[in-house]
Amino acid sequence: MSNLVAIVGRPNVGKSTLFNRLTGTRQAIVSEVAGTTRDRQYGKCEWGRHEFSIVDTGGWVVNSDDIFEEEIRRQVILATEEANVILFVVDAKNGVTDLDAEVAGILRRAKIPVVLCANKVDNNEDRFSVAEFYSLGLGDPYCTSAVTGGGTGDLLDLIIEKFPKEERAGDEDDNIPRISVVGRPNAGKSSLINAFIGEDRHIVTDIAGTTRDSILTKYDKFGFDFYLVDTAGIRKKNKVTEDLEFYSVMRSIRAIENSDVCILLIDATRGIEGQDMNIVQLIQRNQKSIVVVVNKWDLVEDKDQKVIDHFEQAIRSRMAPFTDFPVIFASAMTRQRIYRVLETAKDVYLNRRRRISTSKLNEEMLPLIEAYPPPSIKGKYIKIKYCAQIPDTRIPSFVFYANLPQYVKEPYRRFLENKIRERWNFCGTPLNIFIRQK
């Protein structure tokens, strides 16, 4: 199960730069202007044999200094509740500030590990000023330079040491699928989960999850048997505040990483929006299967087939190039097509575990490859003579053996994936296509 690291700290201490450095991307916008990071940034970090998630908790700046401090306090508290490790970033050049001391006071009372990172230590002279951060009471400050990458290796080693030992509940069966309901606030997640569970509470068994925030509910109703990853802790509010948005992202990350199939709820009265696409990106990065449910369909006045087709086309165009997933128009309040949502989620899970025999795969794919071979490059012809499905992978993965695998480009990989999807049902689940030397 993936661990979660939350980067906290006051503005302009280099959180986004450190986020980019640890994830190896340029995803977060970096600027010397305090408060540049307005949206939550989520990424993956790989170090050694470990992989974990990182959240950059930026976007704290508002007009009033008093409100500013209150927003920081809220988000730091939420981060301590949701993350496995807190990475507290301070500015070694500016020293300890009142705001640093305020955040440190919250972190000292937290029950999870905290790593104190003294950033902007660009030379040996800056190391002499780091000693004052011992006054925060959070242990040794680790000197790093997010700009140059100095000290980040030791920092990653320390973060990994702080991760809790992975344990699973003894009565939790790995062969039972985990299905999570995710979506932005007010999309109807709580209503859908209540519609799934119903009033017969005796058939629902609560199982303590391996993380503090994740609760697995055993659902064995109407012939179904799966764990429901409960993300219904986001309540309806008239206005979505900054801390609620942050909380929803943290809970979505947890739910997605702990599931096999994600049921993405989209509000039919608002359509697919930016926050929906952020969650879609989380699902795709974690290579999870997906079922899109357009909730609150009972509130839409015009429900003819033309409207349905237009709505579905809009969703698929926003989520392209991956368009092979089911879209269901349902209503959690009236329970319209609720049973179909469960059936589809189960089918998608079975598609995720589908295995194609090597003989059948070669029988279907090799004639296609021969008729439509990869384009030649620099006068060299690429020949694919054999293919197989890789066993024991998280998602269906296929390997094609070629004489010149380095010349097979992404468009032809998509061609192979599309042909596989045409012949076998992998609806809702991503595929991996590898080209290897024969």
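The values are calculated or read from the model by the stated rules, or taken from the named source; none is laboratory data. All figures in this text were calculated on a predicted structure; none of them were measured in a lab. Positions of Cβ are generated from backbone atoms using ideal geometry, with glycine treated the same way; all protein chains shown enter the neighbour counts. Ligands, DNA and RNA are excluded from the accessible area calculation, which covers all protein heavy atoms including side chains. Shrake-Rupley method; radii C 1.70, N 1.55, O 1.52, S 1.80 Å.
Taking Lys and Arg as +1 and Asp and Glu as -1, the other residues whose beta-carbon sits under 10 Å from that of residue 93 total -2. Packing order of peptides 5-16, 396-407, 323-334, highest average first: 5-16, 323-334, 396-407 (average count of other Cβ atoms within 10 Å over each peptide's residues). Would you work out if the range 344-438 is rounded, prolate or oblate? Take a ≥ b ≥ c from the square roots of the eigenvalues of the alpha-carbon gyration tensor; rounded if a/c is under 1.5, else prolate when a/b is larger than b/c, oblate otherwise. Prolate, because a/c is 1.5 or more and a/b exceeds b/c.
The listed peptides 113-122, 255-264, ordered by packing as a protection proxy, come out as 255-264, 113-122 (highest mean of other Cβ atoms within 10 Å first). If you take the square roots of the eigenvalues of the alpha-carbon gyration tensor of the range 280-414 and sort them as a ≥ b ≥ c, do you get rounded (a/c under 1.5), prolate (a/b over b/c) or oblate? It is prolate, given that a/c is not under 1.5 and a/b is the larger ratio.
For the range 89-172, just say rounded, prolate or oblate: build the C-alpha gyration tensor, square-root its eigenvalues into a ≥ b ≥ c, call rounded for a/c under 1.5, and beyond that prolate if a/b exceeds b/c, oblate if not. It comes out oblate by the Cα gyration axes. Taking all protein chains as they are arranged and a probe of 1.4 Å, the heavy atoms of residue 303 leave approximately 90 Å² accessible to solvent.
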